[in-house]
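Working notes, beginning with the structure itself.
The values are calculated or read from the model by the stated rules, or taken from the named source; none is laboratory data. Note that this is a predicted model, so its numbers are computed, not measured. All Cβ positions, glycine included, derive from the backbone under ideal geometry; neighbour counts span all protein chains shown. These accessible areas exclude ligands, DNA and RNA; they are computed on the full protein's heavy atoms, side chains included. Shrake-Rupley method; radii C 1.70, N 1.55, O 1.52, S 1.80 Å.
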Amino acid sequence: MTGKTVVVTGGASGIGRATSHMLARDGARVAIIDLRDEDIAVVLDELRALGAEAFGVSADVSDATAVQRAAERIFADVGEVHALVACAGTSASSPAADHSVEDWNRVMGVNLFGSFICCQIFGRPMIARGEGSIVVIGSLDGISAHAGRIAYSTSKFAVHGMVKNLALEWGRHNVRVNCVAPTIIDTPLVRRGLPDYFFNVVTDRTPAGRIGEPDDVAHAVLVLLGGASSFLSGVILPVDGGLTTGFFNRLSGADLQSKKLLEAGVYQP
Ligand code: NAP
C-alpha cells in the first residue's frame, strides 16, 4: 500500500485500529473517521510513531451530512483517496420480540446506511478516476443468523448484499468492492456486548482453537485492498479459523484444551 491514501472508518478502536496500524506499517497514508476526537488523537499518535502520515476527522457515519463534511476535509488534507475500509459498526443484543425501535434504527443506521454512505461518498471520485478499492467489514452473523442479535445480524446480511451490488455496478469503473466476514474478534465491541462463556463456546467450535484477534482481520483486509487481489470483487471472505467450514466440536474429539477448560469450570455451555 506504499504511497496509497486509505480512509478507515471506525479506525480508532478494535479491528479498524489494527487495520490502520497495518496499513501504516505497509507504507500507506491513513485517514481515520471515528466518533470521538480524543480516541482518534491517540491512534494518530500511534500511526505517526510508526512513521506514517496520518489524519483524522470525527463524524457519525450514520449522518450523511457529517460524512460529506468529513470527506471534504480529508480531500483537502490528503488529495486523492485510493481506498476505503468501512469498518465503523455498532451492535445491540435483545430477544427479537423485545427489540427496541431505537436500537433497530441505530444499528441499521450505523452498520448499513453508514457503510453505504461512506462507500458512495468515497466511491464517486474513485469511479471518476477509474481506480479504487473498498473493503467493508461484514460479519459471520451476516452469513448465518445469530439469535438474540436480530438487528445486528440483519444489518450484516444487508451489508453483504450491498457489497455484491456495488461490486456489480462499479466493476466496469475498475473499483473493486469486497467484504470480510469475521468470527468473534477480541475487541472492545464484543467484550462489551457478549458474555464470557460465549468466547469458550466459539473456541470449542473453531478448528483453529481460538477466537480471532484484530490483526487476523487486518491481514485479510490488506489482501483484499491491495493489488494482490486485483481480480477479486464482490467477495465475502469469512475470517473465522475454519468455523463455518462444517460441524466441529472440540469436546467430541480428544482435545486436551477443551477438557482442561471443562475440568477447570471455565467452559459453561
Ligand atoms: P470497536 O472496537 O467498537 O470499534 C468500532 C469503532 O467504530 C469504535 O471506535 C466506535 O466508536 C466507532 N463507531 C461506532 N459507531 C460509529 C459511528 N456511528 N460513526 C463513526 N464511528 C463509529 O468494534 P470492532 O469489534 O472493532 O468492530 C469493527 C467492525 O467489525 C464493526 O463493523 C463490527 O460489526 C465488525 N465485526 C466485529 C466482530 C467482532 O467480533 N469484534 C465480528 C464481526 C464483525 P465508539 O467506541 O465510540 O463506539
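Kindly establish whether G138 is within 14 Å of the ligand (Cβ to nearest atom) and under 16 Å from the mean Cα position of the chain (by Cα). It is true that G138 is within 14 Å of the ligand (Cβ to nearest atom) and under 16 Å from the mean Cα position of the chain (by Cα). Being assigned to a helix (DSSP H, G or I) and either touching a strand residue (DSSP E or B) at 6+ places or on another chain (Cβ under 9 Å) or near the ligand (Cβ under 10 Å from one of its atoms) (or both) is the filter here, so list the residues in region 200-217 that pass it. Correct list: V202, P214, D216, V217. Among the residues making up region 13-38, those that are in a helix (DSSP H, G or I) and either of a type in the set (A, V, I, L, M) or closer than 23 Å to G138 by Cα (or both) are G14, I15, G16, R17, A18, T19, S20, H21, M22, L23, A24. Within region 191-215, residues that are under 22 Å from G16 (Cβ atoms) have Cβ atoms under 6 Å from residues that are assigned to a helix (DSSP H, G or I) and within 9 Å of the ligand (Cβ to nearest atom) in these pairs: P214/G14; P214/I15; P214/A18; D215/A18, counting only partners at least 6 apart in sequence or on another chain. Within region 7-47, if we keep just the residues that are out of contact with any Cys (no Cβ under 7 Å at 6 or more places or on another chain), open to solvent by less than 10 Å² (accessible area, probe 1.4 Å) and β-branched (V, I, T), the residue that is nearest to L224 (Cα to Cα) turns out to be V7. Filtering region 96-119 to residues that are closer than 12 Å to D63 by Cα and among the β-branched types (V, I, T) leaves V110, I117.
In region 128-176, how many residues are in a helix (DSSP H, G or I) and surrounded by fewer than 23 Cβ atoms within 10 Å (Cβ to Cβ)?
Counting residues in region 128-176 that are in a helix (DSSP H, G or I) and surrounded by fewer than 23 Cβ atoms within 10 Å (Cβ to Cβ) gives 21.
Residue count for region 218-235 satisfying the condition of being in a loop (DSSP other than H, G, I, E, B) and either surrounded by 14 or more Cβ atoms within 10 Å (Cβ to Cβ) or of a type in the set (G, A, S) (or both): 6. For region 218-233, what are the residues that are away from the ligand (no atom under 12 Å from the Cβ) and in contact (Cβ under 8 Å) with a residue 12 or more places away in the chain? Across region 218-233, the qualifying residues are H219, L222, L224, L225, G226, S229, S230, L232, S233.
Just to be sure, is P182 modelled with pLDDT under 95, under 17 Å from G14 (Cβ atoms) and either in contact with a Gly (Cβ under 7 Å, 6 or more places away or on another chain) or of a type outside the set (D, E) (or both)? Answer is no for this residue.
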